[in-house]
């Protein structure tokens, strides 16, 4: 069991008993909207039929994202991520935790601007600048050490 306390911006309010169980409205960062949730898998075979049945959506054709060492496909708003080798971050994630939720992604109009804004608030990123993602989108990942242990992706649509 992971006993580490989440660190980083936005974690202090979790210890306030007066805020427990209540949702608070805060200004949304750069018009961000939930884009997708991503599941790390060794194979698309088991999850695709289930997700197609649940969502009524057909899976996209798998796309290789060589720079990240993965192959991805989408079924509705769920992204399946399959490592292309055993020596990348997704493969290590599966080795440590098993297949499962890998990250959540928020769509933003300008990923570089969102990175700048969030970095000024103390959040950290896994890279210094946006990267090329699937579908030609520009993306950036927020480091889990600054987001309470959750990998968060920012997506600027192509």
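Within the stretch 81-89, not a single residue is touching a residue at least 60 places away in the same chain (Cβ under 8 Å) and out of contact with any helix residue (DSSP H, G or I) (no Cβ under 6 Å at 6 or more places or on another chain).
Would it be correct to say that residue 45 is more than 21 Å from residue 154 (Cβ to Cβ), modelled with pLDDT of 90 or more and part of a loop (DSSP other than H, G, I, E, B)? The answer is yes for residue 45. From the list 82, 61, the lone residue that is surrounded by 12 or more Cβ atoms within 10 Å (Cβ to Cβ) and modelled with pLDDT of 95 or more is 82. Look through the stretch 128-146, keep the residues that are more than 19 Å from residue 109 (Cβ to Cβ) and either in contact (Cβ under 8 Å) with a residue 24 or more places away in the chain or touching a helix residue (DSSP H, G or I) at 6+ places or on another chain (Cβ under 9 Å) (or both), and return whichever of them is surrounded by the fewest Cβ atoms within 10 Å (Cβ to Cβ). For the stretch 128-146, the residue satisfying everything is 128. Which condition number in (1) surrounded by fewer than 17 Cβ atoms within 10 Å (Cβ to Cβ); (2) in contact with a helix residue (DSSP H, G or I) (Cβ under 6 Å, 6 or more places away or on another chain) is the one that residue 151 fails? (1) is the only condition that residue 151 fails. Of the conditions (1) over 17 Å from residue 135 (Cβ atoms); (2) touching a residue at least 24 places away in the same chain (Cβ under 8 Å), residue 77 fails just one. Which one is it? That leaves (1) as the condition not met. Of all residues in the stretch 95-113, those being over 15 Å from the mean Cα position of the chain (by Cα) and either within 16 Å of residue 67 (Cα to Cα) or surrounded by 19 or more Cβ atoms within 10 Å (Cβ to Cβ) (or both) number 0.
Of all residues in the stretch 90-122, those being touching a helix residue (DSSP H, G or I) at 6+ places or on another chain (Cβ under 9 Å) and more than 14 Å from residue 153 (Cβ to Cβ) number 8.
Quick grid of which residues meet (1) more than 19 Å from residue 40 (Cα to Cα); (2) in contact with a strand residue (DSSP E or B) (Cβ under 8 Å, 6 or more places away or on another chain); (3) not in a loop (DSSP other than H, G, I, E, B):
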{"residue": "64", "(1), (2), (3)": "no, yes, yes"}
{"residue": "80", "(1), (2), (3)": "no, yes, yes"}
{"residue": "92", "(1), (2), (3)": "no, no, yes"}
{"residue": "102", "(1), (2), (3)": "no, yes, yes"}
{"residue": "113", "(1), (2), (3)": "yes, no, yes"}
{"residue": "117", "(1), (2), (3)": "yes, no, yes"}
{"residue": "123", "(1), (2), (3)": "yes, yes, no"}
{"residue": "128", "(1), (2), (3)": "yes, no, no"}
{"residue": "149", "(1), (2), (3)": "no, no, no"}
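The values are calculated or read from the model by the stated rules, or taken from the named source; none is laboratory data. All figures in this text were calculated on a predicted structure; none of them were measured in a lab. So basically every Cβ, Gly included, is an ideal-geometry build from the backbone, and we count neighbours across all protein chains shown.
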